[in-house]
Amino acid sequence: MAAVKAQGLSRRPVPRIEVDLDKLRHNARFVVDACSRLGIRVAGVTKVTCAMPEVARALLDGGVSWLADSRTENLARLKASGLTGEFIYLRGPMQSRVQEVVELADISLCSDVATVRLLGDAAQFLGIRHRVIMMVDVGDLREGVMPEDALDTARAIAETPGVELYGIGTNHACFGGVMPTVDNVSLLVEIAESIRRELGIELPIVSGGNSTALRLVFSGTMPKGVSQLRVGESIMLGVDVNNREPIPGMYQDAFTLVAEVIEVQRKPSVPIGCIGQDAFGNVPVFVDRGIRDRVILGIGRQDVKVDGIKPLTDGAEVLGGSSDHLIVDVTEAVERPVTGDEMRFRPDYGALLAAMTSPYVAKVIV
Ligand SMILES: *Cc1c(COP(=O)(O)O)cnc(C)c1O
């Protein structure tokens with residue numbers, strides 16, 4: 001049932017994101033089980049949901065060993081909701097915010113020695129030890145020290161008062177689109193071994209990557225020695241993040257976006273008049289498909305990434321959107337929505353990120 005009448009006393013808020021916690025719990029369990037067979041523990045990454053506490057709880061129920069997020073505000077939200085366990089701060093801390101980081105996170109990813117010293121100072125002030133996972137760049141060229149600098153940086157971090165060098169980690173496919181491979185993950189494991197040998201420390205965590213690294217887990221080629229993966233998108237959306245294909249055995253429909261039709265019209269497919277720029281400074285291009293049936297929904301770019309949502313009504317096609325309006329061609333739709341109907345959409349990662357972040361989109365557990 002793609003178009004549902006929205007009227008009635010018990011109507012749910014629109015627009016909204018519906019969250020199916022059972023599916024998230026299943027997806028988390030699926031990843032945790034696959035990883036645990038290889039001695040890998042999973043950090044469940046909550047940032048795409050702004051660390052919605054119910055989602056974090058579902059990940060913990062699915063067996064993740066840590067909750068991880070890139071925003072201190074989100075870690076604070078988890079703490080305030082009473083969730084316990086170890087929290088990981090995922091982004092290199094800002095020097096201006098080290099105090100929040102050590103208060104909210106047990107572990108942070110960091111590779112800047114000056115920042116690590118400030119983390120250590122803040123930790124000592126609180127009478128605790130903060131654990132650091134030093135990021136190493138194996139090719140994607142986002143965060144982390146280059147492999148040739150890893151040992152010296154590790155030594156500096158290990159010698160910092162208030163801080164424990166708890167592990168090393170790497171990230172893939174974020175800036176450079178570089179995929180995790182046996183070679184680049186093995187490089188991380190070798191660097192870990194040389195740090196253990198040279199510095200005589202335990203270094204328990206080798207954090208082998210994000211969701212993209214699951215391909216090595218599922219194909220059975222993950223190099224031995226990786227002890228942690230940090231997984232967000234694959235748990236949330238059930239996809240292989242290297243190609244966005246569904247992972248068999250996981251749910252792709254834990255999140256559904258719902259918006260309401262505010263207008264139904266038959267209109268030409270090409271605008272009438274002299275085309276300048278649209279609301280966002282682009283010059284739009286149109287193909288003449290004759291007169292089409294279109295609906296306008298009360299959701300827009302302030303709520304969602306409009307090219308990142310797929311209508312669940314077969315035959316319906318998103319034409320585009322402005323700040324507050326989404327335009328959908330329903331000429332070939334199997335169901336013709338009327339004003340007041342709800343339409344349902346499947347969001348991709350970018351669309352989910354925007355919708356979860358928008359204060360205008362209600363978040364509803366189903
Ligand atoms: C966001 C993030 C992750 C999780 O990435 P997914 O692709 O969602 O699994 C892992 N590590 C770091 C450092 C991140 O910023």
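Tabulated data for the structure shown
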quantity: Extreme residue, surrounded by the most Cβ atoms within 10 Å (Cβ to Cβ), among residues of segment 241-268 that are charged (D, E, K, R) and more than 13 Å from the ligand (Cβ to nearest atom); calculated: E260
quantity: Of all residues in segment 246-278 being small (G, A, S) and within 28 Å of the chain's Cα centre (by Cα), the one that is farthest from L319 (Cα to Cα); calculated: G249
quantity: Verdict on R344 being surrounded by fewer than 17 Cβ atoms within 10 Å (Cβ to Cβ), out of contact with any Lys or Arg (no Cβ under 8 Å at 6 or more places or on another chain) and touching a residue at least 40 places away in the same chain (Cβ under 8 Å); calculated: no
quantity: Failed item, numbered, when S207 is tested on (1) out of contact with any Ser or Thr (no Cβ under 9 Å at 6 or more places or on another chain); (2) within 16 Å of the ligand (Cβ to nearest atom); calculated: (1)
quantity: Restricting segment 119-136 to residues that are buried (at least 22 other Cβ atoms within 10 Å of the Cβ) and free of Cβ contacts under 8 Å to residues at least 40 places away in the same chain, the residue that is farthest from the chain's Cα centre (by Cα); calculated: H130
quantity: Exclusive hit being touching a helix residue (DSSP H, G or I) at 6+ places or on another chain (Cβ under 9 Å), without any contact (Cβ under 8 Å) to a residue 60 or more places away in the chain and within 16 Å of the ligand (Cβ to nearest atom), set I157, I168; calculated: I168
quantity: Candidates G232, G281, G238 - the one that is more than 16 Å from the ligand (Cβ to nearest atom) and among the small types (G, A, S); calculated: G281
quantity: Candidate set from segment 32-73 (those that are part of a strand (DSSP E or B) and surrounded by 19 or more Cβ atoms within 10 Å (Cβ to Cβ)); member that is nearest to the ligand (Cβ to nearest atom); calculated: V45
quantity: In segment 80-96, residue nearest to S111 (Cα to Cα) [restricted to those that are within 16 Å of the ligand (Cβ to nearest atom) and surrounded by fewer than 17 Cβ atoms within 10 Å (Cβ to Cβ)]; calculated: R91
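The rows are residues; the columns are (1) aliphatic (A, V, I, L, M); (2) in contact with a Lys or Arg (Cβ under 6 Å, 6 or more places away or on another chain); (3) assigned to a strand (DSSP E or B).
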residue	(1), (2), (3)
V258	yes, yes, yes
I262	yes, no, yes
G273	no, no, no
D278	no, no, no
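Yes/no matrix, rows are residues, columns are (1) away from the ligand (no atom under 16 Å from the Cβ); (2) within 21 Å of M236 (Cα to Cα); (3) at pLDDT below 95:
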position	(1), (2), (3)
H325	yes, no, no
D329	yes, no, no
E335	yes, no, yes
D341	yes, no, no
R346	yes, yes, no
G350	no, yes, no
L353	no, yes, no
S358	yes, yes, no
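The values are calculated or read from the model by the stated rules, or taken from the named source; none is laboratory data. Note that the structure is predicted; figures quoted are calculated from it, not measured. Neighbour counts run over all protein chains shown; Cβ positions are idealised from the backbone, glycine included.
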